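Below is one structure, written out as structure tokens; the observations come after it.
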Amino acid sequence: MDLQQISLRVTKNGAERALVVGGVGSGKSTLADYLGTDFTRRYSKSRRLIADTKPRYRAEVTVQGRNAKHLYRKWGHGQAVPGSVLVYEPEDLALAWDLGYRVAIVQGESMADLVRVLDVCEAFFRQANAKVPSLLQVDETCDFFSANGYPKGGSDVMIRVARAGRERGLGGLYCSQRTRAIPVSIIEEMERLYLFRLDAAGDIKRLEEMGAPVTVDDMPREEHAFMYWRKRGGYDDLYGPYRLAL
Ligand SMILES: Nc1ncnc2c1ncn2[C@@H]1O[C@H](COP(=O)(O)OP(=O)(O)OP(=O)(O)O)[C@@H](O)[C@H]1O
Ligand SMILES: [Mg+2]
């Protein structure tokens, strides 16, 4: 199957929201990278922001126009996200778009960085308008919520993107190892699910809240395999397993 058949869309009905979930190292960020790239290619005027709190993705350049390679010296081998620019603070976003970039990455790993990452996401949300397809790609959704689902860092922007992004042409691609700390207000907005193996029954159970008919028996067994589910008006189904051919 072609990845294009299952990637996120922006239609006249608005932008889609999707969840990529699965255990440690199952392949979530890799799949999200492909899905995000597909979005950028499909919508030639689109904008994408990657909220990378691990961090995991490499930007090609800094917003000052310098090669960003030196920032990732200590990392192992890996590809930069094509056409991406590293942004640090909210003001950098407008600059990045003015310079013609269409993919921005905001990174940080500490609790102090979290507020800054949220500020940039907030600016991205404010800029969103139905004329420009845009996508917020969140690599570790649980970093933004405490165990009871309460937003960290004083901002609920991750929830607002899920709830109010549709009308503004702003899609959301949320990745997570667990479903438990993700607020129901995000879960219930999801229209596509990419499900790598989950082991905890509680995590599987929560997928019911988005309407996905998934049980322990549906979990993919193969390494890096995922199931795909799409919510349609009143009709739903689960497909797969699939695996990205890298
Ligand atoms: N379809 C695939 N085929 C082969 N290798 C894969 C595939 N998908 C992912 N991998 C490899 O598996 C490793 C983990 O992938 P990735 O970082 O995407 O997982 P993750 O679920 O995001 O992990 P984490 O939970 O640590 O965030 C990487 O080395 C990646 O190259
Ligand atoms: Mg990951």
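The values are calculated or read from the model by the stated rules, or taken from the named source; none is laboratory data. Since this is a predicted model, take the numbers as computed values, not measurements. We place every Cβ from the backbone using ideal geometry, glycine too, and count neighbours over all the protein chains shown.
Miscellaneous remarks
- Considering Asp98, Asp113, Asp119, Asp92, the condition of being touching a residue at least 60 places away in the same chain (Cβ under 8 Å) and farther than 15 Å from Leu173 by Cβ is satisfied by Asp113 alone.
- Residue list for region 31-82, filter: in a helix (DSSP H, G or I) and within 16 Å of ligand 1 (Cβ to nearest atom): Leu31, Ala32, Asp33, Tyr34, Leu35, Gly36, Thr37, Asp38, Tyr72
- Looking only at residues in region 229-246 that are exposed (fewer than 12 other Cβ atoms within 10 Å of the Cβ) and outside any loop (DSSP other than H, G, I, E, B), the one that is nearest to the chain's Cα centre (by Cα) is Arg232.
- Selection from region 23-40 of residues that are touching a residue at least 24 places away in the same chain (Cβ under 8 Å), within 9 Å of ligand 2 (Cβ to nearest atom) and within 21 Å of Val81 (Cβ to Cβ): Ser26, Gly27, Lys28, Ser29, Thr30, Ala32
The rows are residues; the columns are (1) away from ligand 1 (no atom under 16 Å from the Cβ); (2) modelled with pLDDT of 95 or more; (3) of a type in the set (S, T, N, Q).
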| residue | (1), (2), (3) |
| --- | --- |
| Ile187 | yes, yes, no |
| Leu193 | no, yes, no |
| Leu198 | no, yes, no |
| Ala212 | yes, no, no |
| Met219 | no, yes, no |
| Ala225 | no, yes, no |
| Asp236 | yes, no, no |
| Gly240 | no, no, no |
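- Check on Asp92, closer than 27 Å to Glu167 by Cβ and out of contact with any strand residue (DSSP E or B) (no Cβ under 8 Å at 6 or more places or on another chain): no
- Residue that is surrounded by the fewest Cβ atoms within 10 Å (Cβ to Cβ), among those in region 10-30 that are outside any strand (DSSP E or B) and modelled with pLDDT under 95: Lys12
- Filtered residues of region 146-163 (kept if among the aliphatic types (A, V, I, L, M) and at pLDDT below 95): Ala147
- Subset of region 91-114 (residues that are of a type outside the set (D, E, K, R) and within 19 Å of the chain's Cα centre (by Cα)): Leu93, Tyr101, Val103, Ala104, Ile105, Val106, Gln107, Gly108, Leu114
- Every condition in (1) at positive phi; (2) more than 17 Å from the chain's Cα centre (by Cα) is met by Val216 except one, and the failing one is (1).
- Apart from one condition, Ser84 fits all of (1) surrounded by fewer than 22 Cβ atoms within 10 Å (Cβ to Cβ); (2) without any contact (Cβ under 8 Å) to a residue 40 or more places away in the chain; the exception is (1).
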